[in-house]
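Here the structure is laid out as structure tokens; the discussion comes afterwards.
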Amino acid sequence: MKSQMASPGFTDVFAALVAIVNTKFPEVGDLLLRRIVLQLKRAYKRNDKPQLLAAVKFVAHLVNQQVAHEIIALELLTVLLENPTDDSVEVAVGFVTECGSILQDLSPKGLHGIFERFRGILHEGEIDKRVQFLIEGLFVVRKAKFQGYPAVRPELDLVELEDQLTHEISLQEEIDPEITLDIFKPDPQCVIDVNNEYSILSGPDCCVHIPVSDLYNTSNSPLSFAHVHLCMARIVPDMKYLIVLFMELCIMLLECCSQERTYLRYYGLLGQRFCMINKVYQENFEKCFVQQYSMIHRLETNKLRNVAKFFAHLLGTDALPWHVLAYIRLTEEDTTSSSRIFIKILFQELSEQLGIRLLNERLQDPTMQDSFESIFPKDNPKNTRFSINFFTSIGLGGITENLREYLKNMPRLIMQQHKQVSESDGSESGSSSDSSESDSASDSSSSDKSEREKSGSKRRRKK
């Protein structure tokens, strides 16, 4: 309401947002409408024209979005035109201009009566000429069937007809703004309700036999995270069953995410909260990452995309440690078309979340290079080129600068290695030749000594 008051030009956008929220939380839509009506009545009594214009415009677009029933529009116009003044007629003209298109469809007789009242005001001639011109312009707009003033712009028509919830409220009834809701107060009954509900699951195998369909319904409820976590914290007395439930919840959450037609960020936020609250969830999601990647070829493209975006969210928010990327080996032999699509979506999502500069900094972290060497292999030029070409083809060539530099310097590094090997071989051959020369010298000296001994023995025999 404050934002709409500050920027009335975006009222139709705010009304579209309210319409979406109203489909999930009708109590919020009803409360908002009641407070806007109170604001309108207060501004009318105080003759606060700017605030009245903003409130009237908001009500008009809530009628257009069918959050508010058209009866309130007809009541409001009746009040504004009952005792017409220049300001009240001007406000009424603006209101009909905003929501006349839908009133013409929903209540043509009511709108006809309003225009008859406008005609009577013109004939009375007691209002300013400027306001009379406004009324005449409104008749022209009506004659053109409100062309140029659609009830809802196509890009803001976001709620399906069967999902719309319309609230009926009257200007004559007493309205409770429920101001106490603005201040948080713990509800002791909440804990009692949760404990009573969990008493159903008191069996020894309660965590193992919870139906997945019930978990799916829970995950799609607006209070799923708080409800599930509170139940787990209070209900499961045995830690081994709690651990089983942790893993089941992680698998269920990932399965629900993959089943959606498009990726819903809701699942990523829920997984992130789980990981931040208990490290067991983090470890289980890491196991899920390994399992999903190992059988990624079994998933169809839509499921594969949702799973990749889910894990990208966990990585981008540091809910999941980045060393899980060590399980990915990016080579031609170790990847399939499915795994390449998975890696592509994973890194593109990380790039969108973090930005290419921050992503590059994370990948260049010296303490994590052991985990990233399988994605940026340096074992042979073929694998290095494959990694560079892969990331370049998906528009992320910027994260391969270090790998390109390594590939550029690879011939020089190979020559240095060969030189070191040859030098080590040369030193070994030199030492072996020295040892052979010393052996031959010792052999020659020993042979001379034996010959001298033989000649001496001959001389002694002659004597």
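The values are calculated or read from the model by the stated rules, or taken from the named source; none is laboratory data. Note that the coordinates shown come from a computational prediction; the quantities given were computed from them, not determined experimentally. For neighbour counting, all protein chains shown are included, and Cβ atoms are generated from backbone atoms with ideal geometry for every residue, glycine included. Areas reflect the complete protein model, heavy atoms only, side chains present, ligands, DNA and RNA absent. Shrake-Rupley method; radii C 1.70, N 1.55, O 1.52, S 1.80 Å.
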Can you name the condition, by its number, that Thr317 falls short on among (1) under 25 Å from Thr262 (Cβ atoms); (2) β-branched (Val, Ile, Thr); (3) exposed (fewer than 15 other Cβ atoms within 10 Å of the Cβ)? (3)
Exception for Leu38 within (1) under 37 Å from the mean Cα position of the chain (by Cα); (2) not in a helix (DSSP H, G or I) falls at (2)
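Only one of Phe115, Phe139 is farther than 25 Å from Leu33 by Cα, hydrophobic (A, V, I, L, M, F, W, C) and surrounded by fewer than 14 Cβ atoms within 10 Å (Cβ to Cβ). Can you tell me which? Explain how you work it out, then say what you get.
Working: Phe115 fails: surrounded by fewer than 14 Cβ atoms within 10 Å (Cβ to Cβ).
Every option except Phe139 fails the conditions.
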Has region 20-35 got at least one residue that is open to solvent by less than 20 Å² (accessible area, probe 1.4 Å), closer than 27 Å to Thr180 by Cβ, modelled with pLDDT of 90 or more and hydrophobic (A, V, I, L, M, F, W, C)? yes
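Going by the conditions given, is Ala60 open to solvent by less than 40 Å² (accessible area, probe 1.4 Å), more than 18 Å from Ile175 (Cα to Cα), modelled with pLDDT of 90 or more and touching a Pro at 6+ places or on another chain (Cβ under 7 Å)? Can you show your working first?
Numbers: open to solvent by less than 40 Å² (accessible area, probe 1.4 Å): yes; more than 18 Å from Ile175 (Cα to Cα): yes; modelled with pLDDT of 90 or more: yes; touching a Pro at 6+ places or on another chain (Cβ under 7 Å): no.
It is false that Ala60 is open to solvent by less than 40 Å² (accessible area, probe 1.4 Å), more than 18 Å from Ile175 (Cα to Cα), modelled with pLDDT of 90 or more and touching a Pro at 6+ places or on another chain (Cβ under 7 Å).
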Residues that are part of a loop (DSSP other than H, G, I, E, B), open to solvent by 40 Å² or more (accessible area, probe 1.4 Å) and of a type in the set (Ser, Thr, Tyr), drawn from region 66-112: Thr85
Name the pairs whose Cβ atoms lie under 8 Å apart, with the first residue in region 279-292 and touching a residue at least 40 places away in the same chain (Cβ under 8 Å), the second open to solvent by 30 Å² or more (accessible area, probe 1.4 Å), and 6 or more positions between them or separate chains? Lys287/Met247
So if I check each of Leu17, Leu40, which one is of a type in the set (A, V, I, L, M, F, W, C) and open to solvent by 30 Å² or more (accessible area, probe 1.4 Å)? Leu17
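Within the group Arg357, Arg340, which residue is surrounded by 16 or more Cβ atoms within 10 Å (Cβ to Cβ), basic (Lys, Arg) and in contact with a helix residue (DSSP H, G or I) (Cβ under 9 Å, 6 or more places away or on another chain)? Can you show your working first?
Numbers: Arg357 fails: surrounded by 16 or more Cβ atoms within 10 Å (Cβ to Cβ).
Within the list Arg357, Arg340, the selection yields Arg340.
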Output the qualifying pairs, or none if there are none: Cβ atoms under 6 angstrom, residues six or more apart or on different chains, first residue in region 332-344 and on the phi < 0 side of the Ramachandran plot, second residue modelled with pLDDT under 90 and open to solvent by 70 Å² or more (accessible area, probe 1.4 Å). Thr336/His297; Ser338/His297
For region 404-413, state whether one or more residues are at pLDDT 85 or above, aliphatic (A, V, I, L, M) and surrounded by 12 or more Cβ atoms within 10 Å (Cβ to Cβ). no
Which condition number does Glu286 fail, the rest of (1) acidic (Asp, Glu); (2) within 20 Å of the chain's Cα centre (by Cα); (3) open to solvent by 40 Å² or more (accessible area, probe 1.4 Å) being met? (3)
Matching residues in region 263-281 - criterion: being among the polar types (S, T, N, Q) and modelled with pLDDT under 90: Asn278
Would region 387-403 turn up any residue that is farther than 18 Å from Asp318 by Cβ, in contact with a His (Cβ under 9 Å, 6 or more places away or on another chain) and either of a type outside the set (Lys, Arg) or surrounded by 12 or more Cβ atoms within 10 Å (Cβ to Cβ) (or both)? no
Residue by residue through region 142-175, note down the ones that are open to solvent by 30 Å² or more (accessible area, probe 1.4 Å) and more than 39 Å from the chain's Cα centre (by Cα). Arg142, Lys143, Ala144, Lys145, Gln172, Glu173, Glu174
Take region 363-384 and flag every residue that is open to solvent by 40 Å² or more (accessible area, probe 1.4 Å) and either β-branched (Val, Ile, Thr) or modelled with pLDDT of 90 or more (or both). Thr367
